[in-house]
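First the structure, in the form of structure tokens, and then the observations on it.
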Amino acid sequence: MKYWQKFTQQLLKVMHWLESLHFYQSIRKAFAILFPIVLFGSIVFAIQRGFFSKNGYYYQVFYLDHVVPGISIISYGLDALNHLLNDYIAVMASFLITYYYTNNKRNKVLGGLTSVLVFLALNLSFGTGNNHFQMNNLGLRGLFLAMLTSYIVGRIFNWHAKKRDQQLATRSLRDYLSIGAIDRIWVITTLVLLAASLSFGLSYLTDGGLNGLIYSVVQVPEKSLGHVVEKILTATGFNNLLVWFGLAGPLSIMGQTTPEATMTANMNAALQHGNLKNVPYPITVHTLFDTFGNFGGSGMTLALIIAILIVAKQANLRRIATYSSFTSFLNINDPLMIGLPLIWNPILLIPFIITPIFNMIVAWSLIRLGLLFPSVYSIGWTTPGPLVAFLGTNGNWFALFVSFICLTLSVLIYLPFVRLYDQHVRLWKAGDEVEA
Amino acid sequence: MKLKLKQLKFKSFLICLLLLVVLVGLLIPSRTWMQQKVAHSSARLNSPMSPMILVPGSSASKDRFDTLVNLINEANIDHSLIKVTVKKNDAITVSGQLKPKDNNPFIVISFENNQDGYANIKKQGRWMSLAMTYLQKRYNFNNFRGIGHSNGGLIFTYYLENYYDSDVVSLSRLMTIGTPYNFEESSINNKTEMLSDFIKKRDKLPKDMVLYSIAGTENYTDDGIVPEASVTAGKYIYQNRIKEYTEITVTGQDSAHSDLPQNKQIVNLITQYIVNDPFAPKQKTLKKKNGNNQTINPEEPQIAPTE
């Protein structure tokens, strides 16, 4: 217990230090503004995927193509709305973060705009093609790069402003404004040209810009994961770490229930024999991660919401959790990532990484012991997390039981960390120092 | 503060309860749906049915292939003959019976509108997809073989490029007989609109398919109606796109366009490549035991046992 006390005190200290950083505060403010947009966008995305796509869970189970007239038209509309709301989040983030990070009032808007230009410059799409930008990287996937860009642009603006402010302190207001703006043009042009050249140089190495370079480094081909459980667990931990940083992890990119070769082999074997006793690949990314490690989105965020609703005393936390509960039920956790926030939150990082791994170990041991059947049948998009195992085994009640056990265990793991974060929020709002 | 917290906690309890209720409520419908899906997929995957789908050409009726089927059945086992007709209003009528334990019936798909011309081919391709959906529901097969005579081959091509879904059913072998891929043009330099469209959409053709394209010739250029150059134009569509593309030219008796389905050589080719499976693994050699309890392989030269 004493070790736990020491550990939590250390965590609180780290969190407190992080919150006192000017840059971190800018990120928080930016996220707070983005939250309603992300929430709305995620709801649209979730509904479109689950209710209006041919592969959607609710579409399939309730035969919505027979029930809803003109469903394909609605689907097109929702898809357009989805792209509108979700595809530019990182661009907006880069503006907002720099806006709050730049010190001088006069610099704020200009700094934000420069950050947008630099961020877009880093995502230019060279060569033939319809798009000028790498459209995939302008949404939440590009959040980390946006934060990095904001930091660099913000710092340069602050440094430059300090220099010029000293020189121009004596001039009149009108002069200062006009001279100041022209000054900034040099900074802006230099930054943008540098970013564009970097992007151009990178286009020879990789297709996806700077983001693409990062992804090609962390990309893990699914085949190499195969059925080795240690590799799968490590990949999950690594994936969640990247998601916590604001990047999309390797599993999130490759996932989305597209049938892999092992899954097709499993499904065919099960169909031929009429039972699940001897499928060729009982341990795969799909049977462990998709089935037991992804309730509510990466990091078992469904358990996080439940934990918050149980123990949190801070009204804001409860509010965010309530608003995000619908999308989490459809396995999308973006509102939570931006709202709490989960991104760059050291206290919640630990359960975020541990809970899926823990659940996957439980599932792996049960499958290895032959007590639990692996999930082989393909399920629709946005199937509720706890039901994936149940449906993937064609209605096996024990699998459902294991899912609920996993959910309960995840909630239990999240509880102390949620309590800690709740405590931190209370202390921070009250302006108290953490006791040494 | 405490009252507000109590209110919040009650609200959250309600939300958790709601989520739980919805989750439980989803259990039964999704379980039913999944079990239905699995049973259906299982039936399809394990189905031994593999019919041969025949499509006649323009102005030909559903009885076009009767002689052909009779010839094949005489030499082979008796295959059922089922005839499906698609009316102009999309209605489907069926005649003929599936004999018990017959896994390889002949199924003729014909159309009330069997006129010539690209516009009609497009309609007939769509009607063919309706007939295929009906047949899959009724007979639950996961693979089939095809024979198209004259325009029938064009209808098959249009169907493959616009309606065929390899996730649902797979076409293993197709034979087109006297099919005018370039209609009545005898020069490949004059591509008809249909041929250009077929070539444009060649990416949609299934990569694992095998095609035999048979041209009949009465003289050096055509079979009385279809120029040989028009039949061989099929290579621009299929060659290097599907697994195997084979062209065969048949001459001699019965090589006029309408006689092709009864042509003895073609009947042999159909029997060899479509009815029988040319890719089946070699028959296991039979072992006979002679009086001395020695197993002798009849394929090998017999060595007289020395006593």
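Please treat every number below as a calculation from the coordinates, not as lab data. Nothing here was measured: the structure is a model prediction, and the numbers come from that model. Please note: Cβ atoms are built from the backbone with ideal geometry, for glycine as well, and neighbour counts cover all protein chains shown.
Numbers at a glance
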| read-out | value |
| --- | --- |
| Choice from A:Ala269, A:Ala195, A:Ala315 showing the highest fluctuation, given a GNM over chain A with Cα pairs closer than 10 Å | A:Ala315 |
| Rounded tilt (10° steps) of B:118-139 against the dominant C-alpha axis of chain B | 70 degrees |
| Directionally averaged shadow of the protein assembly as shown, computed from the convex hull of its alpha-carbon atoms, nm² | 48.6 nm² |
| GNM top mover of B:Asp167, B:Asp208, B:Asp222 - chain B, alpha-carbon springs below 10 Å | B:Asp167 |
| Whole-Å distance, taken between Cα centres, linking the range B:39-73 and the range A:313-336 | 57 Å |
| Distant-in-sequence amide H partners of B:Thr176 (H built 1.01 Å from N, under 5 Å) | B:Gly148, B:Tyr212, B:Ser213, B:Ile214 |
| Lysines with Cα under 18 Å of B:Lys11, excluding same-chain neighbours fewer than 8 positions away | A:Lys313, B:Lys2 |
| Spatial separation of Cα centroids for the range B:92-156 and the range A:361-391, in angstrom | 41 Å |
| Axial C-alpha extent at least 30 Å, average Kyte-Doolittle at least -0.5 - helices from chain A (DSSP) | A:22-51, A:143-168, A:173-202, A:346-368, A:397-430 |
| Kirkwood-based Rg to Rh ratio, the range A:1-64, C-alpha trace | 1.34 |
| Expected-Rg normalisation [2.2 N^0.38 Å, Cα atoms] applied to chain B | 1.40 |
| Cβ charges +1 (Lys, Arg) and -1 (Asp, Glu), total dipole of chain A, debye | 1160 debye |
| Residue-averaged [θ]222 nm for chain B, counting only DSSP H segments that reach four residues, each worth -39500 (n - 2.57) | -12000 deg cm²/dmol |
| B:Phe111 long-range amide H proximity, modeled H, under 5 Å | B:Val86 |
| Cα gyration tensor shape for the range A:1-130, rounded if a/c is under 1.5, else prolate or oblate | oblate |
| Charge dipole of the protein assembly as shown about the Cα centre (unit charges at C-beta), most positive-ward option of A:Met337, B:Ser58, A:Val418 | A:Val418 |
| Amide hydrogen neighbours beyond the local backbone of B:Ser170, cut-off 5 Å, H modeled | B:Asn143, B:Phe144 |
| Cα-based reach from B:Lys37 at 30 Å (exclusive), listing lysines while leaving out same-chain residues under 8 positions away | A:Lys54, A:Lys223, A:Lys277, B:Lys83, B:Lys99, B:Lys101, B:Lys137, B:Lys204, B:Lys207 |
| Most mobile of A:Gly70, A:Gly246, A:Gly142 in a GNM of chain A (Cα contacts under 10 Å) | A:Gly70 |
| The range B:165-248: proportion of alpha-carbon pairs further apart than 23 angstrom, % | 22 percent |
| Trypsin sites (Lys or Arg not before Pro) restricted to the range A:1-82 and DSSP loop, no more than 12 other C-beta within 10 Å | none |
| For chain A, calculated [θ]222 nm from helices alone, where every DSSP H run of n ≥ 4 adds -39500 (n - 2.57) | -23000 deg cm²/dmol |
